[in-house]
Every structure is written in structure tokens, then in C-alpha cells.
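So the structure is just underneath, and the comments pick up after that.
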Amino acid sequence: MLRGRPWLHFIDHQGAQMCLIRGSGSSRHGDVIAGLTWDAVRSLDSWLWIERVMSKANPIDGVSRGQNGDWKEIEEARLPRELLRQLRTEALREGLL
């Protein structure tokens with residue numbers, strides 16, 4: 001759906017926003033997420049725009065806090081399976097899981 005199209009990424013965390021914009025973060029898992037995001041943008045030949053929004057304007061905010069739905073369902077519906085596999089592998093390697 002995003003191939004060759006603009007990718008508008010709305011995020012409610014300033015640190016995460018800066019990590020994505022810079023392409024690296026203050027932790028290894030932040031670097032991995034930023035790198036995989038930019039890899040996905042490149043592979044889709046898309047144009048990324050990252051905009052900060054208030055938490056109450058972020059439709060996924062409640063799910064990320066364990067409210068209003070199941071995070072696993074959202075991940076499986078919205079994130080490419082290969083990206084999820086890479087994130088899991090890296091999290092296991094870093095001892096985060």
C-alpha cells in the first residue's frame with residue numbers, strides 16, 4: 001500500500017521521533033527500530049514524514065498502554081511479518097525478551 005507513496009508517520013514521543021529522524025537512538029534497540037524503519041522506507045521507494053502528535057490524538061496510544069485492544073493484533077495487522085521477525089531476533093540477541 002505504501003510502495004512509491006508518502007509515508008506519514010505520526011508519533012507521540014519526542015525522543016522516538018528524533019531517533020527516527022536521525023536514524024539512530026540512545027540505545028541499541030532504538031537504533032535497530034530506526035534502521036529497520038528506514039530500510040522499509042527505502043525498499044518501498046516511499047517518502048517518510050514524521051510528525052509529533054499529542055498522545056490523545058494518537059489512535060494507537062491506548063493499545064500501547066494495554067487499553068482499547070490487543071497490541072499483538074495491531075502488530076500483526078500493521079507491521080510486515082519480516083520486520084517483526086527482525087525485531088524479535090534483535091530483541092532476543094540483546095536480552096530484551
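The values are calculated or read from the model by the stated rules, or taken from the named source; none is laboratory data. Predicted model, so just to flag it, every value in this text is computed and none were measured. Every residue, glycine as well, gets a Cβ built from its backbone with ideal geometry; the counts of neighbours run over all protein chains shown.
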Breaking point among (1) loosely packed, with under 15 Cβ neighbours inside 10 Å; (2) touching a Gly at 6+ places or on another chain (Cβ under 8 Å); (3) under 23 Å from LEU2 (Cα atoms), for TRP49: (2)
Residue, modelled with the lowest pLDDT, within region 10-33, restricted to residues that are more than 20 Å from THR89 (Cβ to Cβ) and among the charged types (D, E, K, R): ASP12
Subset tally (residues that are small (Gly, Ala, Ser), surrounded by fewer than 16 Cβ atoms within 10 Å (Cβ to Cβ) and either assigned to a helix (DSSP H, G or I) or under 11 Å from the mean Cα position of the chain (by Cα) (or both)) for region 1-34: 1
